[in-house]
Amino acid sequence: MLESYVTPILMSYVNRYIKNLKPSDLQLSLWGGDVVLSKLELKLDVLEQELKLPFTFLSGHIHELRIHVPWTKLGSEPVVITINTMECILKLKDGIQDDHESCGSNSTNRSTTENTKSSIKPRRIQQAAPTDPDLPPGYVQSLIRRVVNNVNILINNLILKYVEDDIVLSVNITSAECYTVGELWDRAFMDISATDLVLRKVINFSDCTVCLDKRNASGKIEFYQDPLLYKCSFRTRLHFTYDNLNSKMPSVIKIHTLVESLKLSITDQQLPMFIRIMQLGIALYYGEIGSFKEGEIEDPTCHNKDMLGNITGSEDETRIDMQYPTQYKGQELHSQQDEEQPQGWVSWAWSFVPAIVSYDDGEEDFVGNDPASTTHQQKAQALKDPIVSIGFYCTKATVTFKLTEMQAESSYYSPQKVKSKEVLCWEQEGTTVEALMMGEPFFDCQIGFVGCRAMCLKGIMGVKDFEENMNRSETEACFFICGENLSTKGFTYLTNSLFDYRSPENNGTRAEFILDSTHHKETYTEIAGMQRFGAFFMDYLYTMENTSGKGSTNQQDFSSGKSEDLGTVQEKSTKSLVIGPLNFRLDSSAVHRILKMIVCALEHEYEPYSRLKSDIKDENETILNPEEVAFLEEYIPTRHTSVTLLKCT
């Protein structure tokens, strides 16, 4: 009766994200080994809640979903989930206005799920209370864990679109596949063992195309620009380290992505839109916009409507619940209680990690046990944040700036076409972007590259373009050179990454991380940065230390947003930039091109994401004496920036 344990797990995942599924049909198909579902609508409110992104899903659908379950070889072959054509459209949440809109729309009702949870929860507790005498034995528990750890996911034709103002950003990935691998990063059927508490996965992205276009007032794109990125392939390696077999969350998470060749193309019309997207990322990082703002309140009228509209809607989910074994209902209840804890952007970053469901201590976690011991266990787990390492590595990157002009066809009625010419090119070798974090008290980001150069391309924009013939040598066209090249430097930019054969993870040992600011500054000096890269190195370190003697601060304290006294918290930010030996030759060809880029970048009417609040003088404000100011300065967050230029010609 293995089906009775595996089927509910698969059904719960499918039913969680997809609308209007008949559980009976799904169950019969799964027992046959293959399921094919067509024209599916995604549950957008569930996706928004789970991802905790500051975006609203406007639409989301799957053309075809296939699930293959090898029942006779479940212990040695993976379950394969194939999605053929998946399309999602997103927009930025815009506060109270968005909440009012969501009241009237069926697609983006974000509070529906919360009410569904509250209405279903009492029933779940009642169902989870009795103990099932036919709980699966130990070997079945371990088999279920192996099945979950080895699920293969293949997505063919993934389309993501983001719309804001007149911007339409679309990402099209021909194929994305995620599967489990062995020690040598080859496809394998693996499980965590007491001797090797490690899980490795690979995600391969094939033919990724990114387009950035401008739409008119009616929402249509009149002229399609050249793609920002065309058919780029990259691979991601994921490495999870666990403390023991029963760990629900990895203690160390490493996610590293490698791109061999990255060719970006930006036109004069795309440049302001591209800068706008970059500003959005920065605003999200600093929490200036998004769902984590303080004082954001839910519209009560919208909430009441959802309550009324949800009384009938909750019955379907409850009916599906009743078909699951008691054990899984309890686990779902336990995970839901965890989900309701408020989370910040860091906790969002590691919430995607597939937690290994522990079936051995299952009975201890369920409803009906001593609540004091359960809360104690939850607190103990919450206190220990995992160490998260995220890395992006690029062997060779090229950014080309193009000027566009409208070109009318010979016929009067034929549409206009956009013609572009390349005027400026930036080439970069051995690029690294690495981030290391542990909860919110520690964050470090390092950016570096081995070498770079800038060149003037064809097109008359300066005296050199007139004087020189069209067969200019590259050295004459190049006006900026910095650092070295990979042929002399080697692959130092990959040091200690999952793509470095010398890294601890690729040699069966556990990696050690520097999570102390003093030790960090001693290790990652300017000299060390230049030895690894050569052209540019930036180290940004942010620490939050609790000096009140309560021990180190944990991420839950800060992300909850409660105005409780957290003791004395010291925030420090250190930014160190080192620029290697560079040669900069300015002539009219280069100057005209740079000035043209600046003009194009400023040619927009976008409102800033956040405005500086005007200072309101308080009449009753007390003026502090110098001693009091000096005492308070100890607790003011400090930001220290240093820039070092080694040699400039």
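The values are calculated or read from the model by the stated rules, or taken from the named source; none is laboratory data. What you see is a predicted model; the values in this text were computed from it and never measured. Cβ placement follows ideal geometry from the backbone for every residue including glycine, while neighbour counts extend to all protein chains displayed. Ligands, DNA and RNA are stripped out before the accessible areas are found, and what is left, the full protein with its side chains, is counted by its heavy atoms. Shrake-Rupley method; radii C 1.70, N 1.55, O 1.52, S 1.80 Å.
For region 574-595, residues that are more than 30 Å from Y524 (Cβ to Cβ), open to solvent by 80 Å² or more (accessible area, probe 1.4 Å) and of a type in the set (A, V, I, L, M, F, W, C) total 2.
Contact map, region 198-214: first residue on the phi > 0 side of the Ramachandran plot, second residue open to solvent by 40 Å² or more (accessible area, probe 1.4 Å) and charged (D, E, K, R), Cβ cut-off under 7 Å, separation 6 or more or different chains; pairs are D207/K231. Within region 275-304, if we keep just the residues that are open to solvent by 40 Å² or more (accessible area, probe 1.4 Å), at pLDDT below 75 and part of a helix (DSSP H, G or I), the residue that is farthest from L92 (Cα to Cα) turns out to be N304. Considering (1) open to solvent by 60 Å² or more (accessible area, probe 1.4 Å); (2) of a type in the set (S, T, Y); (3) within 29 Å of the chain's Cα centre (by Cα), the lone condition that T56 does not fulfil carries the number (1). Screening G219 with (1) modelled with pLDDT under 90; (2) under 16 Å from the mean Cα position of the chain (by Cα) gives one miss only, at (2).
Any idea which of I598, I616 is at pLDDT 85 or above, open to solvent by 80 Å² or more (accessible area, probe 1.4 Å) and either in a helix (DSSP H, G or I) or not charged (D, E, K, R) (or both)? Only one candidate passes the filter, namely I598. Across region 410-442, the number of residues qualifying as modelled with pLDDT under 90 and among the acidic types (D, E) comes to 2.
Among the residues of region 243-261, those that are crowded, with 17+ Cβ neighbours inside 10 Å and in contact with a Lys or Arg (Cβ under 9 Å, 6 or more places away or on another chain) comprise M249, V252, K254, I255, H256, T257, L258, V259. Among the residues of region 164-198, those identified as in contact with a Ser or Thr (Cβ under 7 Å, 6 or more places away or on another chain) and either part of a loop (DSSP other than H, G, I, E, B) or hydrophobic (A, V, I, L, M, F, W, C) (or both) are A188, F189, M190, L197, V198.
Screening I89, I9, I62 for residues that are closer than 30 Å to R187 by Cβ, among the β-branched types (V, I, T) and assigned to a strand (DSSP E or B) leaves exactly one candidate, I62.
Among the residues of region 481-528, those identified as assigned to a helix (DSSP H, G or I) and exposed (fewer than 15 other Cβ atoms within 10 Å of the Cβ) are S487, T488, P504, N507, T518, H519, K521, E522, T523, I527, A528.
Residue pairs whose Cβ atoms lie under 6 Å apart, sitting 6 or more positions apart in sequence or on different chains, and linking a residue in region 423-435 that is within 17 Å of C482 (Cα to Cα) to a partner that is hydroxyl-bearing (S, T, Y) and surrounded by 20 or more Cβ atoms within 10 Å (Cβ to Cβ), are G430/Y493; T432/Y393; T432/Y493.
Of all residue pairs spaced 6 or more apart or on separate chains, those with beta-carbon atoms under 6 Å, a first member in region 494-507 that is under 17 Å from F240 (Cβ atoms) and a second member that is open to solvent by 30 Å² or more (accessible area, probe 1.4 Å) are L498/R237; S503/N496.
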